[in-house]
Amino acid sequence: MAKGVRPRVKVPKTASSGDVVTIKCLISHKMESGQRKDKEGNKIPRSIINRFTCSLAGETIIDVAMEPAISTNPYFEFDATVTESGDFKFVWHDDDGSVYEEVKTIQVA
Amino acid sequence: MEFTRRETMATGGAAVLTAMMPVPSFAMVDDLVDEFTGGADMAEGGVNLVAPEIAENGNTVPIEVSADGAVAIMVLATGNPLPPVATFNFGPLAGESRAKTRIRLAGTQDIVAVAKMADGSFARTQKTVKVTIGGCGG
Amino acid sequence: MKSMKTAAIAVLVFSAGMASAGPDNDVLVINGELTMTTRAAVPEHMADTPLDELLSGWHYRTDETQSLQADDFDNPGMVFVDVAADAWNTVEGTEGKACATCHQDPSTMKGVRAVYPKWNDATEEVRTLAMQINSCRVENMGADPYKYTGGKMANMEALISLQSRGMPVNVAIDGPAQSDWEWGRELYYTRTGQLELSCANCHEDNNGNMIRADHLSQGHINGFPVYRLKNTKLNTVHARFKGCVRDTRAETYKPGSPEFVALELYVASRGNGLSVEGPSVRN
């Protein structure tokens, strides 16, 4: 697990069935590109989050293939259609095999 | 594929630029697009790319892509050492085929967005972003 | 000869040629509810400066950068506030205490950022917020001090600054702090380095002009700690001072040194009346 990784997500707590809600998420991660060199001139190995997914009650909202060109502390904003109450699941996949997860519940009236 | 005179001129211009610029070659970008589209034709328009005209810092450039009815949108930074940026795949619960993120740009360059529509067609757009070189290292 | 060289450098460095030069007239409203004071009257103690209005550095940034600060979710600095909130509740050191043990909720820190640096009667010195945090850690918690400009310090400063967000900076410059304030003013106007530039050369004489591709602000520190797009982390005041002085090609004072503490007091006082913005977002 990379150092100092912390997710942050914003979803509305409630919505009406059929609403389209905007979701924002950010995770603190250095996103080392693999393009940089250290003081001795050695290449710093790539270490990024390479995939992000968000689903609601098991159904996919977005699935992002991420490359080193995504900035440090990756940020995404996107939209989801909500039809019933359930858990939003956010998953980030690290190059080192670590998986970071966050869950937020939404109540749909 | 037919070219108008203007398109032919533009292609010629691009070829000159390709010859002048170091890595990466536009061929690499073309290959990535071909891989995504399977070589299919792309409509100009139908996909939107929002990016600043001038980015204050190339390390964190906000962009937004959207395309009505797209199942996936691929973003490429044509002037980066590695052009791929991200591919957004939209699932059944995506409210709109839209996403915002923040990206790294190695310098002034074109960003390309290619959308894959539900019917298997493709659309493409691009935008130039100028990246300023800072004054104070601070 | 020497002064001619300096003049030539000055011409090279500063130019107002770009159309975008000059601060803008936008209004900063955070989360659609908190309107920030980003323009303020020049305090009495700055009457002899050429400034006719105080302007937050926010006005000198592009719309894209500005918008990042207008929403607490778009502001990448806020994730580090979350990290510091965990640290606030974490017991560290030999005394078995966390920040929360004595101070309860971080909201008890409301108003603190606005008045720092501040004279401390017990130790008879001007203390920055960073010095106060480390004093608490060492003397009350029995914990190791944070590195003065390190990530943990920047994060904790962000958490504490946030409690005062929107309050006017109101640093005291009279009484026992006065001599340090005067020393800080002297440092502000002292040219340093091979480029022979003082703080005032850029931030007083040339704010609004471009230094290469960078838009010079008035150099206020009401937005610290600052999340910079350039290095994608929270930056402390003394790290910024060090960077600025280094850019004049000088040996810099050390972060936490009496010189930088005095300079921080003076520079903070130049922003008296502007809202506390930390953690702000800059390029």
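With respect to chain C, whose longest principal axis is taken over its alpha-carbon atoms, helix C:78-88 is tilted by about 40°. Per residue of C:147-155, other chain Cβ atoms within 10 Å of the residue Cβ number 0 on average. Packing here is the average count of other Cβ atoms within 10 Å per residue, and on that basis the peptides C:68-77, B:55-64, highest first, run B:55-64, C:68-77.
Among the GluC sites (Glu not before Pro) in segment C:87-128, those located in a DSSP loop and surrounded by at most 11 other Cβ atoms within 10 Å of their own Cβ are C:Glu124.
Shielding value for A:55-68 is 6, the average number of Cβ atoms from other chains within 10 Å of each residue's Cβ. Note: segment C:159-258, Cα convex hull, 136 Å³ per residue. Protein heavy-atom surface of the protein assembly as shown, 1.4 angstrom probe: 52% of the accessible area is carbon and sulfur, with nucleic acids and ligands not counted.
What does the helix-only formula give at 222 nm for the protein assembly as shown: each DSSP H stretch with n ≥ 4 adding -39500 (n - 2.57), the total divided by the residues, and the result rounded to the nearest 500 deg cm²/dmol?
Working: 13 runs with 127 residues, N = 530.
Only helices count here, giving -7000 deg cm²/dmol.
Looking only at other chains, what is the average number of their beta-carbon atoms within 10 angstrom of each beta-carbon in A:16-25? Don't skip to the answer; put the middle values down first.
Numbers: counts 0, 0, 0, 1, 5, 1, 4, 1, 4, 1.
Neighbouring Cβ atoms belonging to other protein chains average 2 per residue here.
When Rg and the Kirkwood radius Rh are both evaluated on Cα atoms of the protein assembly as shown, their ratio Rg/Rh stands at 1.00. Helix C:258-270 versus the longest principal axis of chain C: what angle, 0 to 90°, nearest 10, using Cα atoms? Helix C:258-270 and the main axis of chain C meet at about 70 degrees. Across all Cα pairs in segment C:132-211, the calculated P(r) in 10 Å bins from zero up to the longest distance comes to 14, 23, 40, 20, 3 percent per bin.
Taking the square roots of five times each eigenvalue of the Cα gyration tensor of chain A, the equivalent ellipsoid has semi-axes of 33, 11, 11 Å, listed largest first. Divide the volume of the convex hull around the Cα atoms of chain C by the residue count and you get 126 Å³ per residue.
The values are calculated or read from the model by the stated rules, or taken from the named source; none is laboratory data. Worth saying up front: this structure is predicted, and the values here are computed from it rather than measured. Because the Cβ atoms are built from the backbone with ideal geometry, glycine has one as well, and the counts that use them run over all protein chains shown. Heads up: the accessible areas ignore ligands, DNA and RNA and are worked out on the full protein's heavy atoms, side chains in. Shrake-Rupley method; radii C 1.70, N 1.55, O 1.52, S 1.80 Å.
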